[in-house]
C-alpha cells in the first residue's frame with residue numbers, strides 16, 4: 001500500500017463518483033467543514049481531518065447494506081493510507097462494524113457525523129433556515145423532542161461527546177461554527193441573511 005497522501009480534489013472526485021444524491025454530498029461537505037474546524041481548534045492537520053470527513057460516507061448511496069466495508073475496499077483500491085481508511089470507517093463503530101474510534105480524529109468524526117444531521121434539521125425549521133444564526137441552545141431544545149429528527153440517534157452523539165471529554169453544548173457549538181463555513185454550499189445560508 002502506498003503512503004501517498006490523497007488530495008482534497010481526489011477525495012471530492014471519489015465522493016461524486018460514488019454519490020449523486022445532493023443530500024449525501026451536502027452531508028459530506030458539512031462533515032468536512034466541521035472536521036476542519038475541530039482540527040484547527042485542536043492544533044491538528046485540517047487538511048487530513050477534512051478529507052476524512054469528506055469521504056466517510058463514500059459507499060452509502062450505492063452500498064448502504066455494506067456501509068463502511070465498501071468504503072474500505074474502494075479506498076484500498078485507490079492506494080489510500082491505512083490511517084485514513086481506518087479513520088473513515090471508525091464512524092461505523094457499534095452501528096455497522098467494530099472499528100472503535102481511538103484517535104482524537106476518529107472520536108471527533110464519530111461524534112460529529114450524526115450531530116450534523118440534527119443541526120441541519122434544526123436550522124431548517126427555523127424562520128431563517130440558516131446555520132448562521134443558529135445556537136447550541138436551539139439544537140438542545142430540539143434534542144429533547146424525541147419525535148423531532150427521530151432518525152438521529154442521540155445516544156451516538158452523547159457517546160461521542162463522552163469519548164472526546166467535551167460537554168454536549170460545546171460539541172454542538174463546534175458543529176454549528178464549522179458548518180457556517182459552507183452554509184451556502186449546503187443550502188443553509190438562509191433567506192435574507194447578509195452574513
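What to note about this one:
- Residues being in contact (Cβ under 8 Å) with a residue 60 or more places away in the chain and farther than 19 Å from residue 27 by Cβ - total across region 95-106: 1
- Cross-chain or 6+ apart pairs with Cβ under 6 Å, region 58-72 first and in contact (Cβ under 8 Å) with a residue 24 or more places away in the chain and at negative phi, then assigned to a loop (DSSP other than H, G, I, E, B) and surrounded by fewer than 18 Cβ atoms within 10 Å (Cβ to Cβ): 61/21; 67/96
- Any chance residue 90 is touching a helix residue (DSSP H, G or I) at 6+ places or on another chain (Cβ under 7 Å), outside any loop (DSSP other than H, G, I, E, B) and more than 27 Å from residue 190 (Cα to Cα): yes
- Selection count where residues are surrounded by fewer than 17 Cβ atoms within 10 Å (Cβ to Cβ) and out of contact with any strand residue (DSSP E or B) (no Cβ under 6 Å at 6 or more places or on another chain), scope region 87-122: 9
- Residues of region 8-57 that turn out to be in contact (Cβ under 8 Å) with a residue 24 or more places away in the chain, farther than 15 Å from residue 110 by Cα and not in a helix (DSSP H, G or I), as a count: 5
- Residues within region 171-195 that are surrounded by fewer than 12 Cβ atoms within 10 Å (Cβ to Cβ) and either at pLDDT 95 or above or touching a strand residue (DSSP E or B) at 6+ places or on another chain (Cβ under 9 Å) (or both), tallied: 1
- Identity of the residue in region 147-165, in contact with a helix residue (DSSP H, G or I) (Cβ under 8 Å, 6 or more places away or on another chain) and not in a helix (DSSP H, G or I), that ends up farthest from residue 92 (Cα to Cα): 148
- Taken over region 50-66, the criterion of being at pLDDT 95 or above, surrounded by fewer than 22 Cβ atoms within 10 Å (Cβ to Cβ) and closer than 23 Å to residue 155 by Cβ is satisfied by 60 alone.
- Scanning region 123-132 for residues being without any contact (Cβ under 8 Å) to a residue 60 or more places away in the chain and either in a helix (DSSP H, G or I) or surrounded by 21 or more Cβ atoms within 10 Å (Cβ to Cβ) (or both) gives a total of 1.
The values are calculated or read from the model by the stated rules, or taken from the named source; none is laboratory data. All of these numbers come straight from a predicted model, not from anything done at the bench. Quick reminder, even Gly has a Cβ in these numbers, built from the backbone with ideal geometry, and neighbours come from all protein chains shown.
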